[in-house]
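Asker: To start, I am sharing the structure in question, which I have written as C-alpha cells.
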Number of protein chains: 2
Amino acid sequence: MSANLQSATAQEVRRVFRSGELCRPTASLASGHVQANLVVLDKSLAFDFLLFCQRNPKPCPVLDVTEPGSPVPALTAPDADLRTDLPKYRVYRNGVLVDEPLDIQSYWTDDMVGFLLGCSFTFERALLQNGIPVRHIEAQCNVPMFRTNIPCVKAGVFEGPMVVSMRPIPAQDVVRAVQVTSRFPSMHGAPIHMGDPGAIGIADITRPDFGDPVPIHPGEIPVFWACGVTPQSVAMHVKPALMITHAPGHMFITDLRDEQLAVL
Amino acid sequence: MSANLQSATAQEVRRVFRSGELCRPTASLASGHVQANLVVLDKSLAFDFLLFCQRNPKPCPVLDVTEPGSPVPALTAPDADLRTDLPKYRVYRNGVLVDEPLDIQSYWTDDMVGFLLGCSFTFERALLQNGIPVRHIEAQCNVPMFRTNIPCVKAGVFEGPMVVSMRPIPAQDVVRAVQVTSRFPSMHGAPIHMGDPGAIGIADITRPDFGDPVPIHPGEIPVFWACGVTPQSVAMHVKPALMITHAPGHMFITDLRDEQLAVL
C-alpha cells in the first residue's frame, strides 16, 4: 500500500484520505507532487491574513486561496475538497487546540476561507537529488524549528516573529544548497540565515521550539529556512474564534509537480 | 533638471513630484529604481482584488499594499505618500474617467487601500543592457498593448481577459529575452506567448487596443508579456464607485533597486 501511494497520483492519494480508510503523514506520498500547509480562517480575517502572507512570502508562500465558503482549491487541485482530502486536521478555538479530526465537514461554514501555503518537502527532495544530506530525514525525525528575533512584517491584526527550520549542511555543499532552494520561492526558497544561531535570536541550537533536535557534525554549518509554522504561530497569537490547520506532517497534496513551481 | 532627475534618488524625485512643481512621465527617472503601477480601491473590494492579483501574478505582480486608510507603502518606500508622490493620477467614478489631478489628497478617505504592482520598465532596462532592442523605446512611443482571449483566473467580483504588451524581438535574441525577463517575476516576468498573434486572440497586430503600433521587421518575432493594464481593465469592468490609478507612464518610484527583485 505504502509503495503504491508513493507512486500514486495526487488525486488517488487524496481519494484514499477522503474515504477515511487511512490516516498517515504525507511525506513521500504521490512523489514529485507539491504538498501544502493548510490554514482555514473566517473571511473577516482573510484580507489581513492574505496581506500578511503577501508581505512575508518566505515563511508564507501562498499557493492557493479558496473563495469564501468554497472548499475547492481551484488553482492547485480543482477536484479536491479541503474538508476531507487531508489525512488529519487540527481545530483551534480562541487559540486552544480542541480537536484533531480526520475531516472537518462538521466545522465548515460558508464564511470560511482556506489558504494553502508551500512547504519544505519540495526543496528537501531537491537537496537530496543534489546529493546534499538532510539530517532529520536520515534520523527519521521531525525537522528542528526555532522562534527567531526576526519580526515578520505586520499586516492588520497579524504580527509576530518568524519561525525557521534548521538543517545542518556540510560546508562544501552550502553554496549549492542556496542555489537549489532558491529555485523554489513558493516553498520558502533560499535560506534566511546560515551560521551563528545567536545572530537570529536562537539561544540553544540543541533545544528547538518545535520538532526534534538533530546533531550538527564537525564541518557542517547550520542553515536556516523560513518555516511554514510561522503563519500558524502568528495566527494563534490573534486567537481567532476558529482556526483549522493540517495536523503536523499531514499535508494537502496538490496536483502540481515540484518542477512546475521552480523559477528557472 | 532632467539629467539630474535621472541620477537622483527615488526619494528626491518623489519630493519634486510632491511639491507639485513638475509633472512628467517617469521613464528613466531615478535610474535603476523599481517603478510601480498604482491602483487605489475601497477596502470593501480589497480582499477580492488582492486575491485576483495573487491568482494572476504575471499581469498583477504585487509589490506593496497599504493598510486601509494609510497612504504609506511601508515595504517599498516607507517615507512616501501615495496621495502626492506620483506626478499624475486618474480618477474613475463608476468606471468613468472624471479627473486627472496632480495629487489625490481631496479624494483620499480612511477606507482606501493602495496597491502597487510591478511594471515593465525594469525588464526593458534589462533587455537593453543585454543588447536586445526595444522597439517602442527606439520609436519614442508607447508600447502596443492588446486584449487577448486568455481569461484571467476569477477572484470574487474581478474577472476578465489578460492584456498583453508586445515587443518585436530578433529571432536570435528570443531565448535570451526569455532568460532576461524570467529574472524579474515581480515585473511581469517571462513572456506569456511568442509568435502567432491569432493564437491568443489578437486579430490585427498593427492595431493595438492601447498604446501605439510599432513595426515588426523581417526576422523579428512578436513576443508578448502580461501587462499591468490588465488589473485596471478588469477593475473597470466592476465599475467601482471610486478607483484611482496612476496616469499612463506617470508611475510611482519606489526605493527598491531593480536587481533587488531579481530571482537569481
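The values are calculated or read from the model by the stated rules, or taken from the named source; none is laboratory data. The structure displayed is predicted, hence computed values, not measured ones. Cβ atoms come from the backbone with ideal geometry, glycine included; neighbour counts cover every protein chain shown. Surface areas here come from the heavy atoms of the whole protein model, side chains and all, with no ligands, DNA or RNA. Shrake-Rupley method; radii C 1.70, N 1.55, O 1.52, S 1.80 Å.
Asker: State the percentage of accessible surface on region B:1-141 attributable to carbon and sulfur atoms; use a 1.4 Å probe and exclude ligands, DNA and RNA.
Answerer: The value for region B:1-141 is 48 percent carbon and sulfur by accessible area.
Asker: Hey, in the GNM for chain B with a 10 angstrom Cα cutoff, which one of B:GLY156, B:GLY32, B:GLY211 fluctuates hardest?
Answerer: In this elastic network of chain B, the residue with the biggest mean-square fluctuation among B:GLY156, B:GLY32, B:GLY211 is B:GLY156.
Asker: For A:SER7, place a label point 7 Å out from Cα along the Cα→Cβ vector, do the same in each other copy, and report the separations in nm, one decimal, smallest first.
Answerer: 6.6
Asker: State, to one decimal in nm and shortest first, how far the label point of B:ASP209 sits from each corresponding label point in the other identical copies (label point: 7 angstrom along Cα-to-Cβ).
Answerer: Here B:ASP209 shows inter-copy label distances of 4.7 nm.
Asker: Further, regarding this structure: For B:ILE253, what is the net charge nearby, where nearby means another residue's Cβ is under 9 Å from its Cβ and Lys, Arg count +1, Asp, Glu -1? Before the final figure, lay out the partial values.
Answerer: Working: positive: B:ARG14; negative: B:ASP85, B:ASP255.
Net charge in that neighbourhood comes out at -1.
Asker: Still on this structure, I have one more. Report, in degrees rounded to the nearest 10, the 0 to 90 angle that the Cα long axis of helix A:229-238 makes with the longest principal axis of chain A.
Answerer: With rounding to tens, the tilt is 60 degrees.
Asker: Can you tell me which of A:HIS33, A:HIS246, A:HIS217 moves the most in a GNM of chain A? Springs connect C-alpha atoms under 10 Å apart.
Answerer: Taking springs between Cα atoms under 10 Å, the residue moving most is A:HIS217.
Asker: When averaged across all projection directions, what area in nm² does the alpha-carbon convex hull of the protein assembly as shown cover?
Answerer: Numbers: hull surface 101.5 nm².
Quarter of the Cα hull surface area: 25.4 nm².
Asker: Which whole-angstrom value gives the distance between the alpha carbon centres of region B:203-228 and region B:155-179?
Answerer: So the two Cα centres are separated by 10 Å.
Asker: Ignoring everything except DSSP H segments at least 4 long, calculate the 222 nm mean residue ellipticity for the protein assembly as shown; use -39,500 (n - 2.57) per segment, divide by total residues, nearest 500. Walk me through the intermediate numbers first.
Answerer: Numbers: 14 runs with 116 residues, N = 528.
It lands at -6000 deg cm²/dmol.
Asker: Moving on to the next point. Select from region A:245-264 all residues whose loss of accessible area on going from the chain by itself to the full protein assembly reaches 50 Å² or more (probe 1.4 Å).
Answerer: Residues losing area: A:LEU264.
Asker: Between exposed GluC sites (Glu not before Pro) in chain B, where DSSP calls loop and at most 16 other Cβ atoms lie within 10 Å, what's the longest gap? All intermediate terms of the calculation are to be shown ahead of the outcome.
Answerer: Values: sites that count: B:GLU21, B:GLU159.
Longest site-free region, per DSSP loop and neighbour criteria: B:22-158.
Asker: In addition: If one takes the accessible area of chain A alone plus chain B alone and subtracts that of the pair, with a 1.4 Å probe, what total in Å², rounded to the nearest 100, results? If you can, show how the numbers build up before the last one.
Answerer: On the way: alone 11390 and 11410 Å², together 21020 Å².
Between A and B, the summed buried area is about 1800 Å².
Asker: What Cys residues in chain A are without a partner cysteine, judged by a Cβ distance under 4.7 Å?
Answerer: Singleton cysteines: A:CYS23, A:CYS119, A:CYS141, A:CYS152, A:CYS227.
Asker: State log₁₀ I(q)/I(0) for region B:121-231 at q = 0.17 Å⁻¹ as given by the Debye formula over alpha-carbon point scatterers of equal weight, solvent excluded.
Answerer: At q = 0.17 Å⁻¹ the computed log10 ratios are -0.78.
Asker: Next question, about the same structure. How far is A:LEU97 from itself in the other copies, in nm, if each label sits 7 Å out from Cα along the Cα-Cβ line, shortest first?
Answerer: With the label placed 7 Å along Cα→Cβ, A:LEU97 yields 5.8 nm.
Asker: Mind pulling the angle between the C-alpha long axis of helix B:46-55 and the longest principal axis of chain B? Nearest 10 degrees, somewhere in 0 to 90.
Answerer: 20
Asker: How big is the Cα convex hull of chain A in projection, averaged over all directions, in nm²? Display every interim value, and only then the final one.
Answerer: Working: hull surface 52.2 nm².
With the hull built on Cα positions only, its mean projection is 13.0 nm².
Asker: With a probe of 1.4 Å, find how much accessible area chain B has per residue, and write the answer as a whole number in Å².
Answerer: Numbers: 10520 Å² over 264 residues.
Result: 40 Å² per residue.
Asker: Roughly how crowded by other chains is peptide A:50-59, in terms of the mean Cβ count from those chains within 10 Å of each of its Cβ atoms? Write out the running numbers ahead of the final one.
Answerer: Working: counts 7, 9, 0, 2, 8, 5, 0, 1, 0, 0.
Average neighbour count from other chains, rounded to a whole number: 3.
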